[in-house]
Structure formats: C-alpha cells, structure tokens
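Take a look at this one; I'll ask things after.
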Amino acid sequence: MRIVTAAAVALVFTGGSAPAATAQQPTADGIWRMDGYGTVLSIRNGTLQEYQTTAVSCLKGDTAQRTGPGTYTMPDGTVLTVRTQGGRDRASMRADGSIGDRNLRRIRELPEACTSPAPKDPLAAFDVFWQSFEENYPFFSAKGIDWHAVRDQYRPRVHAETTRAALYAVFSEMVKPLYDAHVAVQDGDRAFAQVRPGTVAPKEELDTEVKKFIVARDLKEARNLQDFANGRITYADLPGGQGYLRISGFGGYAGAGAPYAAQLAELDRVLDTVISQERIQRLKDLIIDLRINGGGSDALGIHVAERLTDTPYLAYSKRARNDPADPTRHTRPQPVFVTPAQGPRYTGPVAVLTGGSTVSAGETFTQALIERPGKTVRVGQPTQGVFSDVMQRKLPNGMSAWLPNEEFLTRSGRTFDGTGIPPHFKEPVFTKEEFDKRRDSAFDTALNVLRNHGGATG
C-alpha cells in the first residue's frame with residue numbers, strides 16, 4: 001500500500017488531499033480487497049491495516065490511524081482518504097501526493113493466510129519474492145525475461161541454511177537483468193538497485209555538480225537567479241527574454257518529513273513568484289530543465305503543468321496490472337487531466353530538457369506536457385523509462401522488494417516504460433566530453449530552437 005515515489009527510490013541510489021468522506025456515507029469499517037496491487041485492507045476501530053497478499057503469502061504491511069472523517073494518517077505523515085461509493089460494498093482510497101484512486105471491494109473476512117503465522121525461512125522468503133514479481137510486474141515480456149526460468153535457475157541455490165547475505169545476493173542477481181530503476185532489493189541499510197544501461201542515477205552529488213556547471217556556464221549572464229524550495233527549484237531570466245526553470249525533484253520542498261499539503265503550499269509560493277503576471281507579460285520563451293530530476297509526487301508535477309496552459313487537456317491515463325495470472329490485464333485506465341490554475345499562467349513556447357537522469361515523476365511531468373496546447377519541444381536524451389508508483393513488498397524474513405505495477409498511457413495508448421520519452425532534438429547530456437569542453441549542447445539547442453522557431457508541437 002505504501003506509495004513509494006521516485007524520491008524514495010533515489011535513497012537507494014544515494015538518496016490537496018482528496019475530499020474527506022461525509023458523515024452520511026456508509027462506514028468504511030470492514031475488510032476490503034484492492035483492485036490490483038495485491039492488497040487487502042482491514043479497517044476497524046480507527047485503525048487501517050494493510051495486508052500484502054500473493055497466492056503463497058499474506059504479510060502485514062503498513063498501518064494508519066484515523067485522523068478525520070474518512071482519513072487515516074500513516075506514521076510517515078502520508079494521509080489516506082477512504083470513500084465509500086454508492087453503497088456499502090464499494091469504496092476507493094487515495095494517498096495525498098498521488099494521482100488516481102485505488103478501487104476497493106468489500107469481502108467477508110481476511111484470507112486464511114492472513115490469520116496464521118508465516119514461515120520465515122529462506123525458502124519462504126524466496127517464494128514470496130518470486131511470487132510478488134510474478135503477480136505484479138508488468139514488463140517481463142517487453143524486457144525478454146522468462147521469470148519462470150529465473151525461478152528454476154535460482155531456487156535450487158536456496159536452502160534452510162542460506163544466509164541473509166547469500167539470499168540478498170540471489171535476489172539481486174535475479175532482478176539485475178530487468179535494468180529497472182523502480183526495482184530494488186533492500187535488507188536494512190543495504191539495497192540493490194540500478195538504472196537503465198548508459199544512464200546515471202540522479203544522485204545528490206551529480207545534482208550539485210551539474211548545478212554548479214549550469215550556473216557558471218549557462219546562467220553567467222542571467223538576471224534574477226534564485227533558488228527555491230530547499231534548492232530543488234531554480235529560476236533565472238536569460239538575456240534573450242527567455243526564462244530558465246530548473247526542477248530537480250517533485251518533493252522535498254518544505255523540509256524532511258513535511259506533509260504533502262506543506263509541499264504543495266511551498267510549490268504554490270514558488271510558482272507565484274516565478275510565473276508572476278509581470279513576468280509572463282515579457283517572457284518570450286521558457287526552458288524547463290529536468291535533466292537531473294529524481295522524481296517524487298506526480299500530483300506536484302500536474303500542479304506545475306496547470307501553470308502552463310489556458311486550456312484543459314488530458315495529461316495521461318494510469319492503469320495497474322490486476323490479474324496475477326495474466327500480465328496483459330489491467331485496471332480500468334484512470335484519466336488524469338491538466339486544468340488551468342487560478343491566477344497567472346504562462347502559455348508560450350516551452351523547451352523541456354531531459355536525459356537519462358530524468359526519473360519517475362520527472363517523466364510523468366514530461367509526459368503531461370506532450371499534449372500541452374502550445375508549442376512544446378523536448379531536447380536532450382530519452383528519459384529513464386520508469387513511471388509507476390513503487391510497491392514495497394515485505395518479505396517474511398524482514399527483507400523487502402520494491403517493484404512497479406502501473407503504466408501511464410498517452411491519448412493513443414502508448415507507454416514509454418523501458419525506453420523513456422524521446423526528445424525531438426537529440427543532444428548529449430552532461431557527458432565527460434561536454435564537461436571537459438565546457439559545453440551544454442542541449443541547453444544551446446533549446447535556446448536556438450526557441451529563438452528561431454518558437455518551439456515545436458509536442
């Protein structure tokens with residue numbers, strides 16, 4: 001159930017709420033099975049308890065305490081809103097900072113496996129690990145992976161005496177060929193994760209290095225250079241009438257542990273300053289730099305997109321795998337729209353800079369601009385190719401597996417998982433040669449395209 005964003009996944013490499021239920025609605029107390037996500041929820045006496053289920057297991061997951069009508073707050077501050085729908089047997093759940101609802105269906109009782117102790121030996125951990133991917137991971141076919149053959153290869157290596165270190169190594173070897181930045185194996189402070197070959201994870205050290213380079217090279221003649229939101233957002237006015245907006249993540253704006261409402265309020269404060277009425281009257285073009293972006297909240301990305309249009313439009317649709325036996329079956333796609341924000345909005349040409357270190361919510365924001373009514377061009381390299389929220393699956397021995405189970409669809413039904421969103425103009429992004437020769441080809445190309453052509457249709 002935990003909504004793990006790319007900002008959380010970045011830690012592996014390094015580092016408004018939905019409407020509340022009303023008093024007239026039927027009670028949400030009871031047992032619920034989630035459509036997709038391998039999850040059962042028990043809501044009783046003010047406590048929401050998650051159970052993570054597979055065909056071979058049921059393990060207790062996260063808990064949340066009731067903090068208002070229909071709202072439950074997790075220990076990390078995430079607020080879950082549960083609403084019944086047209087009766088007592090259907091409901092939905094949404095986590096603040098996420099987009100889309102998760103549909104719930106009432107069931108009579110907990111699955112039998114949830115009421116008895118789970119074995120904790122290495123073989124049991126292996127079986128839950130393998131089954132969690134078997135029932136939820138959507139991309140085995142696209143990546144050419146026979147997951148059943150993987151089980152046949154690795155399960156004989158696991159026995160009752162297998163150490164945690166050896167089991168961790170087995171799990172890491174099993175998922176390595178996926179090259180999926182939303183897949184991880186975790187055992188305490190130790191974690192295995194990797195990005196797509198030829199790309200670099202958006203670590204804090206890289207972000208710092210790149211930011212210094214950009215300020216010294218690209219923004220040396222800029223005016224009004226300013227950092228916002230704990231340094232996650234930078235804005236500057238360029239000499240030619242262009243604006244430069246750098247976003248290194250969609251979260252962390254209001255300090256560690258701050259709730260989503262505080263993140264959103266800080267983002268609004270930044271956008272009110274950056275996209276002011278006075279500025280948009282003189283702004284010719286806008287560069288949005290996402291080349292080092294570790295992701296975060298998809299909802300915050302949509303919030304930025306709402307400052308960039310006067311016309312409502314479909315950003316994307318989101319669906320999750322929901323048949324443990326059939327990876328081609330999904331939940332009904334939920335459309336996510338960009339609705340023009342109140343107050344000043346910039347609707348002119350936009351150049352979006354992307355690269356392999358543009359990850360997760362950085363990618364869903366990029367995707368949300370594809371259908372933007374206005375001239376929008378992408379410059380740089382393809383994004384990382386991971387869009388889904390991340391499921392954190394607990395294993396019976398205390399280890400964890402992280403994996404995606406969702407797809408984000410364009411209007412035509414296309415997804416960019418694995419390959420990433422391609423640029424219109426392909427240029428090197430922060431390569432050794434670019435650094436050595438003090439070049440930023442993507443930035444220069446974006447300026448030239450905007451100045452000479454006013455952008456390109458996304």
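Only one of these conditions is not met by Trp402: (1) within 19 Å of Ala95 (Cβ to Cβ); (2) buried (at least 21 other Cβ atoms within 10 Å of the Cβ); (3) in contact with a Phe, Trp or Tyr (Cβ under 7 Å, 6 or more places away or on another chain). Which number is it?
(3)
Got a sec? Which of Asn448, Asn452 is farther than 18 Å from Asp289 by Cβ and in a helix (DSSP H, G or I)?
Residue meeting the stated conditions: Asn452.
Of the residues that make up the range 250-273, is at least one touching a Phe, Trp or Tyr at 6+ places or on another chain (Cβ under 7 Å), polar (S, T, N, Q) and surrounded by 21 or more Cβ atoms within 10 Å (Cβ to Cβ)?
Within the range 250-273 (the criterion being touching a Phe, Trp or Tyr at 6+ places or on another chain (Cβ under 7 Å), polar (S, T, N, Q) and surrounded by 21 or more Cβ atoms within 10 Å (Cβ to Cβ)), the answer is yes, since at least one residue qualifies.
Here's something else I'd like to know. When you go through (1) at pLDDT 95 or above; (2) assigned by TED's automatic domain parsing to the domain that holds Leu300 one by one for Pro396, which number turns out not to apply?
Against the list (1) at pLDDT 95 or above; (2) assigned by TED's automatic domain parsing to the domain that holds Leu300, Pro396 comes up short only on (2).
Going through Arg196, Arg232 one at a time, which residue ends up being farther than 30 Å from Pro75 by Cβ and under 18 Å from the mean Cα position of the chain (by Cα)?
Within the list Arg196, Arg232, the selection yields Arg196.
What about Ala320, is it among the small types (Gly, Ala, Ser), more than 30 Å from Val40 (Cα to Cα), assigned by TED's automatic domain parsing to the domain that holds Ser248 and surrounded by 24 or more Cβ atoms within 10 Å (Cβ to Cβ)?
On the way: among the small types (Gly, Ala, Ser): yes; more than 30 Å from Val40 (Cα to Cα): no; assigned by TED's automatic domain parsing to the domain that holds Ser248: yes; surrounded by 24 or more Cβ atoms within 10 Å (Cβ to Cβ): yes.
So Ala320 does not fit the description; no.
Would you point out which residue out of Thr347, Thr328, Thr358 is under 21 Å from the mean Cα position of the chain (by Cα) and either at pLDDT 95 or above or closer than 30 Å to Asp146 by Cβ (or both)?
Step by step, each of Thr347, Thr328, Thr358 is checked, and only Thr358 is under 21 Å from the mean Cα position of the chain (by Cα) and either at pLDDT 95 or above or closer than 30 Å to Asp146 by Cβ (or both).
Does the range 148-179 hold any residues that are within 11 Å of Pro122 (Cβ to Cβ) and basic (Lys, Arg), and which are they?
Across the range 148-179, the qualifying residues are Arg155, Arg157, Arg164.
If you don't mind, there's one more thing I want to ask. Counting only residues that are surrounded by fewer than 16 Cβ atoms within 10 Å (Cβ to Cβ) and not in a helix (DSSP H, G or I), how many does the range 421-438 have?
Of the residues in the range 421-438, 6 are surrounded by fewer than 16 Cβ atoms within 10 Å (Cβ to Cβ) and not in a helix (DSSP H, G or I).
Go through the range 124-243 and tell me which helices (runs of 4 or more DSSP H), entirely inside it, have 3 or more residues that are among the small types (Gly, Ala, Ser).
In the range 124-243, the matching helices (runs of 4 or more DSSP H) lie at 164-175.
For (1) of a type in the set (Gly, Ala, Ser); (2) at pLDDT 95 or above, each residue gets a yes or a no:
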| site | (1), (2) |
| --- | --- |
| Asp237 | no, yes |
| Leu245 | no, yes |
| Gly257 | yes, no |
| Ala261 | yes, no |
| Leu267 | no, yes |
| Glu278 | no, yes |
| Asp289 | no, yes |
| Gly294 | yes, yes |
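Something else: Has the range 363-382 got any residue that is touching a Pro at 6+ places or on another chain (Cβ under 7 Å), more than 18 Å from Phe140 (Cα to Cα), buried (at least 24 other Cβ atoms within 10 Å of the Cβ) and among the charged types (D, E, K, R)?
Within the range 363-382, one or more residues are touching a Pro at 6+ places or on another chain (Cβ under 7 Å), more than 18 Å from Phe140 (Cα to Cα), buried (at least 24 other Cβ atoms within 10 Å of the Cβ) and among the charged types (D, E, K, R).
The values are calculated or read from the model by the stated rules, or taken from the named source; none is laboratory data. What you are looking at is a predicted structure, and each value in this text was computed from that prediction instead of being measured. Backbone-built Cβ (ideal geometry, glycine too); neighbour counts: all protein chains shown.
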